[in-house]
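Trainee: I'd like to ask some things about the structure below.
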Amino acid sequence: MIQKILVTGVAGFLGSNLLDKLLVSGHEVIGIDNLSMGKLDNIAHNLGNKFFHFLQKDVTEKSTFENLASDIDCIVHLAAFKIPRYGKAIDTLKINYQGTENVLELAKELNCKCVLASTSDVYGRNPNLPFSEESDSVIGSSKVARWSYAVSKLFDEHLAFAYQESYGFPVVLLRFFGSYGPRHHLSWWGGPQSVFIEQILNGDEINIHGNGLQTRSFTYVSDTVAGIYAATVNSKANGEIFNIGNNYEITILDLAKTIKRVSNTPGELKLKFIPYESFTGKKYEDVMRRVPDNSKCEDILGVKPIVTLEEGLSQTIAWHRTIRACV
């Protein structure tokens, strides 16, 4: 029975929501976060819990993982740096590699299970949908920095399986599809839905990158956390890769329209279409469609998404309004 769990990126969006689930389910948690993107407010309500120990440290530093408890049953590695939309490709590559290597070294030392966050971005430009866990990765040119995130996560996946084969401890890889909900970051780091909600509540123009016809599949955070938790506690997940996502596909343009309708705000929807080159200053390649095949997650872990997009957006918009009222 997995009892003590180490979570990296614990003060982030997914990490803090997973922490709530783990504590409610009776687990002891050690959480690590350097608070560069995560927020102490996300975990403040748990800081007094005797079953939670928080360490403000950096996963890229080897010293972070020294002198930790020897009875950790599982590590859930969520800390990462995302797509370098505005530069910082070096951070994306180094943080994702160094953090994962340090986590795998600890799992090797403790001989414990390791669950690693990957991304749906690893499928790249593969035109064959929906994406199954066996689908090919079709990555663009190395001259286009946006692919550094996908490549860093693919490297992490290969490194994890190499450690499993060489040292015998189990790993699980989770490829997330557009998770959103309360505590997501309010910038593009949190995703288009986060930015759109703020812009609509402010009565501003909605910034649509490209023509808005690119599609995504958005997954409410409780469904994502259910997948992470099942992969953590279920031994049937060991050695596997899982898509964690909702297979409802929607264009970015229709997402903006849906948020406007669900938010019930006055006035007409105002759209501003922004060419990629105008904010990157260089060539940028977007993925035109991204939809998961969820059958493996449902068959092995018994988890499938249950929150509809409109239900999830309604709850997320309510959260946005709550935090705006506190400012």
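The values are calculated or read from the model by the stated rules, or taken from the named source; none is laboratory data. All of these numbers come straight from a predicted model, not from anything done at the bench. Quick reminder, even Gly has a Cβ in these numbers, built from the backbone with ideal geometry, and neighbours come from all protein chains shown.
Trainee: Have a look at Ser137, Ser120, Ser63, Ser132 and point out the one that is over 25 Å from Tyr284 (Cβ atoms), in contact with a strand residue (DSSP E or B) (Cβ under 8 Å, 6 or more places away or on another chain) and polar (S, T, N, Q).
Mentor: Exactly one residue qualifies, and that residue is Ser132.
Trainee: From the residues in the range 267-310 that are hydrophobic (A, V, I, L, M, F, W, C) and farther than 27 Å from Val225 by Cβ, which one is modelled with the lowest pLDDT?
Mentor: Phe279
Trainee: Let me ask something additional. Hey, does the range 287-294 have a residue that's under 20 Å from the mean Cα position of the chain (by Cα) and acidic (Asp, Glu)?
Mentor: Looking through the range 287-294, at least one residue is under 20 Å from the mean Cα position of the chain (by Cα) and acidic (Asp, Glu).
Trainee: Restricted to the range 155-167, and to residues that are among the hydrophobic types (A, V, I, L, M, F, W, C) and surrounded by fewer than 20 Cβ atoms within 10 Å (Cβ to Cβ), which residue is farthest from the chain's Cα centre (by Cα)?
Mentor: Selected residue: Ala162.
Trainee: Answer with yes or no whether Arg183 is in contact with a helix residue (DSSP H, G or I) (Cβ under 8 Å, 6 or more places away or on another chain), buried (at least 21 other Cβ atoms within 10 Å of the Cβ) and assigned to a loop (DSSP other than H, G, I, E, B).
Mentor: Judged against the criteria, Arg183 is a match.
Trainee: Of all strands (runs of 3 or more DSSP E) completely enclosed by the range 214-327, which ones contain at least 3 residues that are surrounded by 13 or more Cβ atoms within 10 Å (Cβ to Cβ) and of a type outside the set (Phe, Trp, Tyr)?
Mentor: Here the list reads 215-217, 241-244, 249-251.
Trainee: If you don't mind, there's one more thing I want to ask. One residue is enough: does the range 8-18 have a residue meeting the conditions under 29 Å from Ser235 (Cβ atoms), assigned to a loop (DSSP other than H, G, I, E, B) and hydroxyl-bearing (Ser, Thr, Tyr)? Reasoning before the result, please.
Mentor: Filtering the range 8-18 down to residues under 29 Å from Ser235 (Cβ atoms) leaves 8-18.
In the following step, the residues that additionally are assigned to a loop (DSSP other than H, G, I, E, B) were identified as 9-12.
Filter once more, keeping what is hydroxyl-bearing (Ser, Thr, Tyr): none.
No, there is no match, as no residue in the range 8-18 is under 29 Å from Ser235 (Cβ atoms), assigned to a loop (DSSP other than H, G, I, E, B) and hydroxyl-bearing (Ser, Thr, Tyr).
Trainee: Suppose the filter is farther than 22 Å from Thr232 by Cα, surrounded by 15 or more Cβ atoms within 10 Å (Cβ to Cβ), touching a residue at least 40 places away in the same chain (Cβ under 8 Å) and touching a Gly at 6+ places or on another chain (Cβ under 7 Å); does Arg146 pass it? Walk me through how you get there before you give the answer.
Mentor: On the way: farther than 22 Å from Thr232 by Cα: yes; surrounded by 15 or more Cβ atoms within 10 Å (Cβ to Cβ): yes; touching a residue at least 40 places away in the same chain (Cβ under 8 Å): yes; touching a Gly at 6+ places or on another chain (Cβ under 7 Å): no.
Here the answer is no, as Arg146 does not meet what is asked.
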